[in-house]
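K.L.:
This is the structure I want to talk about, given as C-alpha cells.
Values in this text are rule-based calculations from the coordinates and carry no lab data. Quick caveat, the model's predicted, so the values are computed rather than measured. FYI the Cβ positions are ideal-geometry reconstructions off the backbone, even for glycines, and counts take in every protein chain you see.
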Amino acid sequence: MRKPSLGLSKAQIGKIIDSALAEDLGSGDITTELLIPSELRGRASIVVRGEGVLAGIGVAAEVFRRVDPLLQFRGLVSDGSKVRPGDVAAAIEGSAASILKAERTALNFLQHLSGIATETARYVEAVSGLGTKIYDTRKTIPGLRPLEKYAVRVGGGYNHRQSLGDGILIKDNHLAALHPQGIGLGEVVEKARRAAPHTLNIEVEVQNIDEARHALDAGAETIMVDNMNLEDMRYVVQLCQGRALIEASGGITLENVRAVAETGVDLISIGALTHSAKALDIGLELEPL
C-alpha cells in the first residue's frame with residue numbers, strides 16, 4: 001500500500017479542523033464543564049471496532065492538539081495499515097476534560113477517512129492484476145475534499161480533478177448548452193483545444209460509440225464512457241487503440257468493477273468512494289489516572 005503525503009499545510013489542516021471544532025463545541029461542552037473537574041487527568045485509547053484500512057490518524061492527533069496543546073497523543077497505527085477489531089490506533093493522556101471535548105471531532109474525521117480508504121482498497125483489490133487504476137470524483141463533502149481525496153490515495157486509489165481548473169472535462173450538459181447554437185461534439189472539442197493552455201488535457205464524456213468516435217477524431221486525450229454497457233466499452237477500447245485513454249464511469253459497483261476493468265479501460269472513476277463510503281467503526285475509551 002502506498003503511503004501518500006497529506007498534501008496540505010498545517011494551516012490548511014488547521015482551518016478544516018477549527019471549523020469542525022467550532023461546529024461541535026459551539027459555546028462550550030456544558031456537560032463536561034459541569035461534571036468533570038479541571039484537574040482530573042485521564043488516559044484514552046482509540047480502539048478500532050471494524051475491519052478496514054486506517055486513514056486520518058494525523059488529523060485526529062491535530063484535533064486533540066488544537067483543543068489542548070498539553071495533551072500527549074501517541075499514534076500506534078499508521079495511515080494505510082490494515083486494522084481489525086480490537087486494534088488500538090492511538091493513546092492519549094492528559095486532561096480528561098480536554099480529551100472529552102476533542103473526542104467526537106477526532107473520531108468523526110478518523111471514522112470517515114478510514115471508511116473511504118477501506119472502500120477504495122476494496123475496489124483496488126477487485127481489479128488487481130488487470131492494470132486498471134481506480135479514481136475518485138468531485139462528489140465530495142463540501143470543505144472536506146482535500147482530506148477525502150487523501151483517504152482515497154491511502155486506500156490505493158488515485159485522484160481525478162481536485163477542482164474544475166485542473167483539467168478540461170466536456171460533459172453532456174456542456175454539449176446540451178451549446179447544442180442550440182448548432183455546435184456539435186467535434187466542434188466543441190476543437191474550440192476547447194484552440195483556447196486551452198497546452199498543459200491541459202481534454203477529456204470528453206460520451207454516451208455511445210458514435211460520440212466516442214467523434215471525440216477521438218477531434219483529438220480528445222481521454223474519453224469517458226459513461227454508463228456504457230460492457231460490449232460497447234470493449235468496442236471503444238478497440239476503436240481507440242492507444243490513441244486516447246479510456247475512463248469508465250457511472251453505475252460502477254464492487255460486483256461489476258472487475259468486469260468493467262476486463263474490457264481494457266485504463267481507469268475507472270467511482271463517486272461512491274467518497275459520497276457513499278461507510279464510516280469505519282472506531283471508538284474512544286477513557287479511564288481516569
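K.L.:
According to the Cα gyration tensor, what semi-axes, each the square root of 5 times an eigenvalue, does the equivalent ellipsoid of the range 143-216 have, listed from largest to smallest in whole Å? The partial results should precede the final answer.
P.N.:
Working: eigenvalues 160, 39, 29 Å².
Listed largest to smallest, the semi-axes of the range 143-216 are 28, 14, 12 Å.
K.L.:
For the chain, divide the Cα radius of gyration by the Kirkwood radius and give the resulting Rg/Rh value with two decimals. Spell out each step's value before the answer.
P.N.:
Working: Rg = 22.9 Å, Rh = 21.0 Å.
When Rh is taken as the Kirkwood radius, the ratio is 1.09.
K.L.:
Quick one: net charge around Glu23, please, counting Lys, Arg +1 and Asp, Glu -1 for every other residue with C-beta under 14 Å from its C-beta. Don't skip to the end; give the middle numbers.
P.N.:
Working: positive: Lys15, Arg66, Lys101, Arg104; negative: Asp18, Asp24, Asp29.
Summing Lys and Arg as +1 and Asp and Glu as -1 gives +1.
K.L.:
If R0 is 25 Å, what FRET efficiency do you get for Ile183 and Asp217 from their C-beta distance, rounded to 0.05?
P.N.:
Numbers: r = 16 Å, r/R0 = 0.63.
E between Ile183 and Asp217, to the nearest 0.05, is 0.95.
K.L.:
Sorting Glu187, Glu221, Glu231 on the 10 Å Cβ count, fewest up front, what's the list? The partial results should precede the final answer.
P.N.:
On the way: Glu187 14, Glu221 17, Glu231 9.
Ascending number of Cβ neighbours within 10 Å: Glu231, Glu187, Glu221.
K.L.:
I've got another one for you. For Leu34 and Lys3 in the same chain, what is the full-extension length gain: residue separation times 0.36 nm, less their Cα-Cα distance, in nm?
P.N.:
Numbers: separation 31, 0.36 × 31 = 11.16 nm, distance 4.25 nm.
Working it through step by step, the gained length comes to 6.9 nm.
K.L.:
Quick one: which of Lys15/Lys139; Lys10/Lys82; Lys139/Lys278; Lys3/Lys149 span more than 18 angstrom between C-alpha atoms?
P.N.:
Values: Lys15/Lys139 21 Å; Lys10/Lys82 26 Å; Lys139/Lys278 15 Å; Lys3/Lys149 13 Å.
The pairs that break the limit, which is 18 Å between Cα atoms, are Lys15/Lys139; Lys10/Lys82.
K.L.:
Dipole size in debye (nearest 20) for the chain around its Cα centre, Lys and Arg Cβ +1, Asp and Glu Cβ -1?
P.N.:
Values: 31 positive and 37 negative charges, 138 e Å.
Computed about the Cα centre, the dipole is about 660 debye.
K.L.:
Going by how many other Cβ atoms sit within 10 Å of their own, how do Ser276, Ser114, Ser81, Ser45 line up, fewest first?
P.N.:
Working: Ser276 12, Ser114 30, Ser81 19, Ser45 15.
Arranged by neighbour count, lowest to highest, Ser276, Ser114, Ser81, Ser45 become Ser276, Ser45, Ser81, Ser114.
K.L.:
Also, quick follow-up: Ratio to report: Rg/Rh of the range 114-186, with Cα atoms as the point set and Rh obtained by the Kirkwood method; give two decimals. Could the numbers behind the result be given before it?
P.N.:
Working: Rg = 16.0 Å, Rh = 14.2 Å.
Using only Cα positions, Rg/Rh for the range 114-186 is 1.12.
K.L.:
Provide the percentage of antiparallel DSSP beta bridges, counting only those with both residues in the chain; round to the nearest 5.
P.N.:
On the way: 20 of 39 bridges.
Counting DSSP beta bridges with both partners in the chain, the antiparallel share is about 50 percent.
K.L.:
Moving to a separate point now. Restricting to Cα atoms and excluding each atom paired with itself, what does the Kirkwood estimate give for the range 1-125 in Å?
P.N.:
On the way: mean 1/r = 0.0657 Å⁻¹.
By the Kirkwood definition, the hydrodynamic radius is 15.2 Å.
K.L.:
What ranking of Ile246, Ile270 emerges when the number of other C-beta atoms within 10 Å of each C-beta is taken as an exposure proxy, fewest first?
P.N.:
On the way: Ile246 23, Ile270 27.
Least to most surrounded, the residues fall as Ile246, Ile270.
K.L.:
Considering only the other residues whose Cβ falls under 13 Å of the Cβ of Ala126, what net charge follows from Lys and Arg at +1 and Asp and Glu at -1?
P.N.:
That sum, taken over residues with Cβ under 13 Å, equals -1.
K.L.:
Put one equal scatterer on each alpha carbon of the range 141-289, apply the Debye formula with no solvent term, and list log10 I(q)/I(0) at q = 0.09, 0.18, 0.21 1/Å to two decimals.
P.N.:
-0.35, -1.15, -1.38
K.L.:
Taking Cα atoms, how many degrees apart are the long axis of helix 145-154 and the longest axis of the chain, rounded to 10 and kept between 0 and 90?
P.N.:
With rounding to tens, the tilt is 90 degrees.
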